[in-house]
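Worksheet: one structure, shown below.
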Amino acid sequence: MLLTRDDWYETSRDLDWTFTAVDRDEAFPTSWSGAAGVPEDAWQGWEEPFRVSYRDYVRIQRDKEAGVKAVSNALVRAGTYEKLDPAHVAASHLHMGTTCMVEYMAVTMQSRFCRFAPTPKWRNLGVFGMLDETRHTQLDMRFSHDLLKHDPRFDWTQKAFHTNEWGVLAVKNFFDDIMLNADCVEAALATSLTVEHGFTNIQFVALAADAMAAGDINWSNLLSSIQTDEARHAQQGFPTLAILMEHDPQRAQTALDVAFWRSTRLFQTLTGPAMDYYTPLEQRKTSFKDFMLEWIVNHHERILEDYGLKKPWYWDDFMHSLDQGHHAMHIGTWFWRPTLFWKPNAGVSKDEREWLNAKYPNWDDDYGVMWDQIIANVNAGDVEKTLPATLPALCSLTQLPIGSAFSRHELADHHSVHNGQRYHFDSHISKWCFDQEPDRYAGHKTVVDRFIGGEIQPMDLAGALAWMGLTPEVMGDDVYGYRWAAEYASANGRVPLPVAGD
Ligand SMILES: [Fe+2]
Ligand SMILES: [Fe+2]
């Protein structure tokens, strides 16, 4: 007689070992499982709602793959890529270079769940997560391979993580920490719950909507297909949090508060500029801030409340940074554009500024004045003055430029001294994260530390670019060749320089 699914499901996913030759602690060391302080039988209560079987999984994933491939084949044949706005295309370069290898790192994290998670139910779900992340890596690679003939920047889908490009190092630093270095419990809180269940919505839902509006159906379709997997395997975070709240709530609070701020900073870098500056104005669905409020703020508040956690102590400052961080990162990345492997769009035409000021009422005072200076230099034929001669100071936690978390009016120094060495941070919040576990972060040298230490030769911008692997065919420059600045020029082709106090 053939058993129904309900008859065998519990047994199939809850099959555990009885050890005779080794202790359980040797087979599942807490340094890998993260289960220290949680009694073994507490994990019996680990439950997730998806209840997927291998047979169901394969059938559903095969259909998803067939769908993505059919759309991709049709669109590549139809030549839709050539018709896309170049600023939108830059967003796909940025995404592929900074995300594909994170998907691959996630395979390793899920493999750790498969082997070391403290309950067989979780280990079983980890198998599906591992297969998901393999699929995501392969989807990104295939998408980029198809388009490589149009632009060598798609090569950075694979190449980026083998370079020292500063933005890639910042992304890698975070995911090395919360995916590869973290034990199962911490990875479930920081990656599954915070990044996958929260922040990836910005990249895979909001950016997918923008991509669809921009006519990039192929990429939009890929992002949406990936998101359906994320929504499932991100569930590994919730039961893990529920159990930790019973036995070590302070550990849960700290892990989530650190992961939430670090995720915020990273998405301010990657998704904020793509949504509010690279996506052509008429195709923008929503602002980065509005999407953050709807999908991240509401969502995170609800989780915290449901599980009996407090809001992070820095909540008000986080809310304030929603008006600031990604604008600061945007002007910074545009200014240091030779250090990018994509072509940033300034996105500050008169119409775009009107939109920015409507969405962010202080934008002109905080950022517009700096763009005015850049525009004046461009229109005066002094593009050289809009290019960097040095490197920015970098944060010892996020690896992002100091001065990029809040506005130009908020540049107070934040530092800690650990083992006689001084570490600088982009905010008091990043300093707090560092101070929770200084030994965890102290060994990571920023690009500037390496520069000062003589690891980058010759010690100038050209030496730094060579060290970062930035070759002329991918090196960033203004995506529209500064044409957007012309509308600011007066009859003689120049605009007056802004006067201090204006
Ligand atoms: Fe993924
Ligand atoms: Fe994932």
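The values are calculated or read from the model by the stated rules, or taken from the named source; none is laboratory data. As the structure is a prediction and not an experimental result, all values here were calculated from the model. No Cβ is skipped: glycine too gets one built from the backbone with ideal geometry, and neighbour counts run over all protein chains shown. Ligands, DNA and RNA are excluded from the accessible area calculation, which covers all protein heavy atoms including side chains. Shrake-Rupley method; radii C 1.70, N 1.55, O 1.52, S 1.80 Å.
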Would you kindly derive the ³J(HN,Hα) couplings of region 237-253 from the backbone phi angles with the Karplus curve 6.51 cos²θ - 1.76 cosθ + 1.60 (θ = phi - 60°), listing them in order in whole Hz, with x for Gly and Pro? x, 5, x, 5, 4, 4, 6, 5, 5, 6, 10, 7, x, 5, 4, 4, 4
Amide H proximity to L394 below 5 Å, modelled H, separation 5+ or other chain, gives I402, V448
By how many degrees, between 0 and 90 and to the nearest 10, does the Cα long axis of helix 120-147 differ from the longest principal axis of the chain? 30
For the charge dipole of region 278-387, defined by +1 on Lys and Arg C-beta atoms and -1 on Asp and Glu C-beta atoms about the Cα centroid, which residue among I375, F335, M319 has the Cα displaced farthest towards the positive pole? F335
Using alpha-carbon coordinates, inclination of helix 166-175 to the longest axis of the chain, degrees: 20
List the residues, sorted by chain then number, that are 5 or more residues from A346 or on another chain and whose placed amide H is less than 5 Å from its amide H. V479, Y480
Counting Lys and Arg as +1 and Asp and Glu as -1, each charge on the Cβ, what is the dipole of region 47-86 about the Cα centre in debye, to the nearest 20? 260
Rounded to two decimals, the Debye log10 I(q)/I(0) of region 12-53 (Cα scatterers, no solvent) at q = 0.20, 0.24, 0.26 Å⁻¹ is -0.83, -1.04, -1.11
Once the Cα atoms of helix 86-116 and of the chain are each reduced to a long axis, what angle between those two axes, in degrees from 0 to 90 to the nearest 10, is obtained? 20
Which is farthest toward the positive dipole end of the chain among L309, A160, P273, measuring Cα position about the Cα centre, with Cβ charges +1 (Lys, Arg) and -1 (Asp, Glu)? A160
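Taking 2.2 N^0.38 Å as the expected size of a compact globular protein, what ratio does the Cα radius of gyration of region 260-407 give against it, to two decimals? Mind dumping the intermediate values first?
Details: Rg = 16.4 Å, N = 148, 2.2 N^0.38 = 14.7 Å.
For region 260-407, the normalised Cα radius of gyration is 1.11.
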Please give the charge dipole size of region 74-141, origin at the Cα centre, charges +1 on K and R Cβ atoms and -1 on D and E Cβ atoms. Round to the nearest 20 debye. 380
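How about region 1-71: which trypsin sites (Lys or Arg not before Pro) there lie in a loop by DSSP and see at most 16 other Cβ atoms within 10 Å?
Numbers: sites: R5, R13, R24, R51, R55, R59, R62, K64, K69; in loops: R51.
Hits after loop and neighbour filter: R51.
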Check the straight Cα-Cα distances from K343 and name the lysines below 19 Å, setting aside those fewer than 8 residues away within the same chain. K83, K149, K159, K385
FRET efficiency, 1/(1 + (r/R0)^6) with R0 25 Å, evaluated for A231 and E301 via beta carbons: 0.80
If each of N419 and D16 carries a label point 7 Å out from its Cα toward its Cβ, how far apart are those two points in nm? 3.9
Show me the three semi-axes of the equivalent ellipsoid for region 140-250, from the C-alpha gyration tensor (sqrt of 5 times each eigenvalue), largest first, rounded to whole Å. 31, 19, 10
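Starting from the alpha-carbon convex hull of region 1-121, give the projected area averaged over all orientations, in nm². Don't jump to the answer; show the numbers that get you there.
Working: hull surface 51.3 nm².
Average of the hull's projected areas for region 1-121 equals 12.8 nm².
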Region 210-365 - percent relative contact order, Cα under 8 Å, separation 6 or more: 27
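If you roll a 1.4 angstrom probe over the protein chains with everything in place, what fraction of the accessible area of the chain belongs to carbon and sulfur, to the nearest %? If you can, show how the numbers build up before the last one.
On the way: 11480 of 21180 Å².
Carbon-and-sulfur percentage of accessible area, whole number: 54.
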Starting from 0 in steps of 10 Å, tell me what percent of the Cα-Cα pairs of the chain lands in each bin. 4, 18, 28, 26, 15, 6, 2, 0, 0
What is the Cα convex hull volume of region 117-183 when expressed per residue in Å³? 78
At 0.36 nm per residue, minus the direct Cα-Cα distance, what do W355 and A74 gain on full extension? Give it in nm, one decimal, please. 97.7 nm
According to a simple spin-label model (label point 7 Å from Cα along Cα-to-Cβ), what is the distance in nm between A442 and I60? 4.6
Counting only residues 5 or more places away or on other chains, whose amide H sits under 5 Å from the amide H of H418 once H atoms are built in the peptide plane? Y423
For region 367-381, 3J(HN,Hα) per residue [Karplus equation, 6.51 cos²θ - 1.76 cosθ + 1.60, θ = phi - 60°, Hz, x = Gly/Pro]: 10, x, 4, 6, 5, 4, 5, 4, 4, 4, 5, 4, 5, 8, x
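Counting only other residues whose beta carbon sits under 11 Å from that of G45, what net charge do I get with K and R as +1, D and E as -1?
Working: positive: K121; negative: D41, E47, E246.
Local net charge: -2.
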Test of understanding: what is the full-extension gain from N362 to D317, defined as 0.36 nm times their sequence separation minus their Cα-Cα distance? 14.6 nm
For every helix of n ≥ 4 consecutive DSSP H residues, a contribution of -39,500 (n - 2.57) applies; sum these over the chain, divide by its total residues, and give [θ] at 222 nm rounded to the nearest 500 deg cm²/dmol. -15500 deg cm²/dmol
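What FRET efficiency comes out for L461 versus M1 if R0 is 60 angstrom and r is the Cβ-Cβ distance? Round to the nearest 0.05. Could you put the intermediate results ahead of the total?
Values: r = 74 Å, r/R0 = 1.23.
After rounding to 0.05, the efficiency reads 0.25.
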Under the √(5λ) rule applied to the eigenvalues of the Cα gyration tensor, what semi-axes describe the equivalent ellipsoid of region 314-357? Give them in Å, descending. 23, 17, 6
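Send over a whole-number figure in Å² for the accessible area per residue of the chain, probe 1.4 Å. Please report the intermediate quantities before stating the final value.
Working: 21180 Å² over 502 residues.
On a per-residue basis, 42 Å².
Using C-alpha positions alone, give me the convex hull volume of region 353-502 per residue in cubic angstrom.
Details: hull volume 24.2 nm³, N = 150.
Residue-normalised Cα hull volume stands at 161 Å³.
Send over the per residue convex hull volume for region 183-298, Cα only, as a whole number of Å³.
Details: hull volume 10.6 nm³, N = 116.
Dividing the Cα hull volume of region 183-298 by its residue count gives 92 Å³.
A27 to D382: extension gain in nm, 0.36 nm per residue of separation minus the Cα-Cα distance?
On the way: separation 355, 0.36 × 355 = 127.80 nm, distance 6.46 nm.
Additional length available on full extension: 121.3 nm.
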How many angstrom separate the Cα center of region 113-154 from the Cα center of region 281-325? 27
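Express the relative contact order of the chain as a whole percentage, based on alpha carbon pairs under 8 Å and six or more residues apart in sequence.
17
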